[in-house]
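Worksheet: one structure, shown below.
The values are calculated or read from the model by the stated rules, or taken from the named source; none is laboratory data. A quick note: this is a predicted structure, and the numbers were derived from the prediction, not measured. Here the Cβ positions follow ideal geometry from the backbone for every residue, glycine too, while neighbour counts run over all protein chains shown. Quick note on the areas: whole protein, heavy atoms, side chains included, nothing else; ligands and nucleic acids left out. Shrake-Rupley method; radii C 1.70, N 1.55, O 1.52, S 1.80 Å.
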Amino acid sequence: MHLQLAWRNIWRNPKRTAVIMTAIIIGVWSMIFLGALMRGISEGMVRNGISTLTGHIQVHHRGYRNDPVIENSMTDPEVVETALRETLPDGAQWTSRVRVNAVASNARHTAGVTFVGIDPAHEAGISFIGKAVTEGRYLRDDDKNGIVVGRALVDKFETGLGRKIIMMSQDTDREVASRAFRIVGIFKAEMQATEKQFVFVTKEAAQHMLKLKNGISEMSVILPDQKEVRHAADNVSAALPSADYEVQTWRELLPLITAILNIYDGFMYIWFVVVFIAMGFGIVNTTLMAVFERIREFGLFKSLGMKPMWIIREVLAESFFILLIGTTIGNILSFLSVFALSGNGIDLSALASGLEYAGMSRIIYPAIYSHDVIIANLVVFILGLLVSVYPAVKAARFTPVEALTHA
Amino acid sequence: MNIVECTDVKKTYQQGKIVVTALGGVSLSIQKGGFVALAGPSGSGKTTLLNIIGGLDSADSGRVTVNGSTLDTMNQSELASLRLHNIGFIFQAYNLIPVLSALENVEFVMLLQGVPLAERRERAKNILDDVGLEDTYDRRPAELSGGQQQRVAVARAIVSDPAIVLADEPTANLDSKTGEGLLEMMKQMNEKKKVTFIFSTHDKMVMDYARRLVLIKDGLVAGDEIRDGG
Ligand SMILES: Nc1ncnc2c1ncn2[C@@H]1O[C@H](COP(=O)(O)OP(=O)(O)O)[C@@H](O)[C@H]1O
Ligand SMILES: [Mg+2]
């Protein structure tokens, strides 16, 4: 009957209850939905970062990360391959690349680019480029002078399929190496910056041009399970002589994204607190109003022999119901809105140029993380009950005479 | 045996800058089974005295014992417990919990006392039948007349056989015919169940029902008249 009493009491003033419930619903919804959006943005950024030639793990010659020059190449890729084969879990994939800074030019234009030599078949399973070619074709193993470039670079260079582009870089003899390639494919990427930055040739073509022999710049690994990254990286690292090689995870390779992820985490909890403070004031206010309207009733409770603790419990039970209904509806709404957007995502193409600086994807797919949902609900529920303690104690503190003589 | 014992009970209130003496030294003994009226004009201190006897208010000085317990040494929780098990209150109005039906209102006290569901339902129905409300179990207070509401209040006050029932002008909000009916019923319950009733009034008709009439004037006992063996 205590619960019945509380349940009926919350419907005595349906308007007020509806108002406070709406506040809770909006609060919970905004926590979970915006949380899912931020998670979606983060996931998109990470996915983008990883597929833009990063991978989950990379192996380099020691020193390459600080000074990515051709002298810091790995001259014996077999050693690395063996280490990977022996330590990585089943389903892991890897590929080797040559990667140097180069100058691209044609008759009219010049631009600095990242010149990447890839193993076309292996690369396809690892980075974005395998699926990114929209005009012409992807590289073939026997492409001696074929090159794949980004749409944005093609536009900038006012060139097209079948046309020539000259690459210039430093070779292992510290001489300027230069060579003409023919555009066989044009790719599109999530970000224009990527389209402008990377040009792709076969690994052999790059090695030949740069006089690298068998040498490679990096080995990029994709694992079947992203959670395994730290562990796997440690294993690979242990299997290689540390004087010659360094092994890094995407978190280390993409420090900016890692920093942004941390900021997002912090921001999300700040957001939870902000929403809650607004909601908390609402809850305290309405509960106080409800309590003051019923001073007489609390006096009656006391005259019947109810102990202060029981009165507190009674008021808290009312808050409990309001919170329960509010959070339930809030959760349902946020799941529905996330579900509604999960198919097509939120297309931010219109804002894309601005978003690129942040490394964000053009399309956000909201992602619900169970621990975000749990935290949001706990915050609302526990703090909601906590702030109701104040009005409840107030109700329990009215002296019976005060309460009974109240007009 | 005296169920209520007041010895030189004094109470003053501060009204702004003035100190008002509500009770100027009341000594009063009430025997078990009594049907006692505290009569006196408005402002004479009847409500104050009832509240002090019921432990809702505390005396400035003097001693009050109810059913053998001395009130001034008890804390809030002990007083609450005393009220729950030994004292029934009936006020002028607003006696009932608005969201509970008549039956639930009567049950509520037994719920607080920890009486099991089946028993409390049974007892609540019986007592409502006793006070003539067999047809209104499920009505909310707002759907009951003033007289019916007071009857529910009486039913709730006596349902768990308290030592005393304190009724502060229980008929003041009723027309005289309904008021008489209520008093008639209270008197019946007093006789049938041997519950001690102490009620206040300034109404001559109500005083006539009492078997003992204690006159209160300016916070003092101004007369004490036993009508017929109360
Ligand atoms: N809570 C209070 N604060 C101040 N004065 C009070 C309070 N309660 C009663 N009084 C004063 O005490 C006196 C006795 O009041 P009360 O016991 O209510 O008399 P009665 O019930 O006989 O009308 C009155 O003068 C009243 O104004
Ligand atoms: Mg009075």
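Listed values, structure above:
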| quantity | calculated |
| --- | --- |
| Breaking point among (1) within 16 Å of ligand 2 (Cβ to nearest atom); (2) under 18 Å from the mean Cα position of the chain (by Cα); (3) of a type in the set (A, V, I, L, M), for B:Ile3 | (1) |
| In region A:303-319, the residues that are within 12 Å of another protein chain (Cβ to nearest Cβ) and touching a Ser or Thr at 6+ places or on another chain (Cβ under 9 Å) | A:Gly305, A:Lys307, A:Pro308, A:Met309, A:Glu318 |
| Candidate set: region B:102-114, residues that are open to solvent by 10 Å² or more (accessible area, probe 1.4 Å) and modelled with pLDDT of 95 or more; chosen: the one nearest to the other protein chains (Cβ to nearest Cβ) | B:Glu104 |
| So A:Val28, is it away from chain B (no Cβ under 14 Å), over 30 Å from A:Val275 (Cβ atoms) and either without any contact (Cβ under 8 Å) to a residue 24 or more places away in the chain or not aromatic (Phe, Trp, Tyr) (or both) | no |
| Test: residue in region B:214-225 that is open to solvent by 10 Å² or more (accessible area, probe 1.4 Å), closer than 23 Å to B:Gly132 by Cβ and not β-branched (Val, Ile, Thr) | no |
| Some residue of region B:210-223 being within 16 Å of ligand 2 (Cβ to nearest atom), under 16 Å from the mean Cα position of the chain (by Cα) and of a type in the set (Val, Ile, Thr) | yes |
| Number of positions in region B:29-79 that are among the aliphatic types (A, V, I, L, M), more than 16 Å from ligand 1 (Cβ to nearest atom) and free of Cβ contacts under 8 Å to residues at least 60 places away in the same chain | 3 |
| Hits in region B:167-178 - residues which are out of contact with any helix residue (DSSP H, G or I) (no Cβ under 7 Å at 6 or more places or on another chain) and either buried (at least 21 other Cβ atoms within 10 Å of the Cβ) or free of Cβ contacts under 8 Å to residues at least 60 places away in the same chain (or both) | B:Ala167, B:Glu169, B:Asp175, B:Lys177 |
| Residue in region A:42-65 that is among the β-branched types (Val, Ile, Thr), open to solvent by 50 Å² or more (accessible area, probe 1.4 Å) and away from chain B (no Cβ under 14 Å) present | no |
| Among the candidates A:Leu378, A:Leu383, residue that is more than 14 Å from chain B (Cβ to nearest Cβ), free of Cβ contacts under 8 Å to residues at least 60 places away in the same chain and either of a type outside the set (Asp, Glu) or at positive phi (or both) | A:Leu378 |
| Unmet requirement for A:Leu300, which otherwise passes all of (1) part of a helix (DSSP H, G or I); (2) touching a Leu at 6+ places or on another chain (Cβ under 9 Å); (3) farther than 30 Å from B:Val165 by Cβ | (3) |
| Failed condition for B:Ala142, given (1) open to solvent by less than 50 Å² (accessible area, probe 1.4 Å); (2) within 14 Å of chain A (Cβ to nearest Cβ) | (1) |
| Test: residue in region A:267-284 that is touching a Phe, Trp or Tyr at 6+ places or on another chain (Cβ under 8 Å) and β-branched (Val, Ile, Thr) | yes |
| Selection within region B:58-101 - over 30 Å from B:Gly132 (Cβ atoms) and open to solvent by less than 30 Å² (accessible area, probe 1.4 Å) | B:Val64, B:Thr65, B:Leu71, B:Leu79, B:Ala80 |
| Qualifying residue in region A:225-239 (condition: more than 14 Å from chain B (Cβ to nearest Cβ) and outside any helix (DSSP H, G or I)) | yes |
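A quick yes/no check of all residues on (1) surrounded by 19 or more Cβ atoms within 10 Å (Cβ to Cβ); (2) away from chain A (no Cβ under 14 Å); (3) within 16 Å of ligand 1 (Cβ to nearest atom); (4) under 13 Å from the mean Cα position of the chain (by Cα):
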residue: B:Asp129; (1), (2), (3), (4): no, yes, no, no
residue: B:Ala157; (1), (2), (3), (4): yes, no, no, yes
residue: B:Ser160; (1), (2), (3), (4): yes, no, no, no
residue: B:Val165; (1), (2), (3), (4): yes, no, no, yes
residue: B:Val206; (1), (2), (3), (4): yes, yes, yes, no
